[in-house]
Amino acid sequence: MPGTTPEEQAQIEATPTHLCRLGYLGSADRWEFAFFKYSDEKYEASFLPSGMFVGTPEEAFDCSAQVYLQD
């Protein structure tokens, strides 16, 4: 970011970004999905854009990234 010192930039880069948590349900395409809520720093069970509570890791990441990482 413009105007940040090298120390501030290093701190920003070292801070993890929580998006979601996945839970394996026995096959490569069956994973449960939970959003990370920054308001209380807990995970909340959620559903995917398909309306399902179970999906692939790619679907979960895409959903999380659209919510948290959009411009």
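The values are calculated or read from the model by the stated rules, or taken from the named source; none is laboratory data. A quick note: this is a predicted structure, and the numbers were derived from the prediction, not measured. FYI the Cβ positions are ideal-geometry reconstructions off the backbone, even for glycines, and counts take in every protein chain you see. Ligands, DNA and RNA are stripped out before the accessible areas are found, and what is left, the full protein with its side chains, is counted by its heavy atoms. Shrake-Rupley method; radii C 1.70, N 1.55, O 1.52, S 1.80 Å.
The table that follows gives values for the structure above.
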item	result
Some residue of the range 25-37 being touching a residue at least 40 places away in the same chain (Cβ under 8 Å) and either surrounded by 11 or more Cβ atoms within 10 Å (Cβ to Cβ) or more than 15 Å from the chain's Cα centre (by Cα) (or both)	no
Matching residues, the range 23-48, being assigned to a loop (DSSP other than H, G, I, E, B) and either aromatic (F, W, Y) or in contact with a Cys (Cβ under 6 Å, 6 or more places away or on another chain) (or both)	Y38, F47, L48
Residue among P57, P16 that alone is of a type outside the set (D, E) and open to solvent by 80 Å² or more (accessible area, probe 1.4 Å)	P16
Tabulated pairs, the range 58-70, first within 16 Å of L22 (Cα to Cα), second surrounded by 12 or more Cβ atoms within 10 Å (Cβ to Cβ) and modelled with pLDDT of 90 or more, C-beta under 7 angstrom, 6+ apart or interchain	E59/L48; A60/L22; A60/W31; A60/F33; A60/L48; C63/L48
Whichever residue in the range 1-13 is open to solvent by 90 Å² or more (accessible area, probe 1.4 Å) and of a type in the set (D, E) and, among such residues, is nearest to T56 (Cα to Cα)	E13
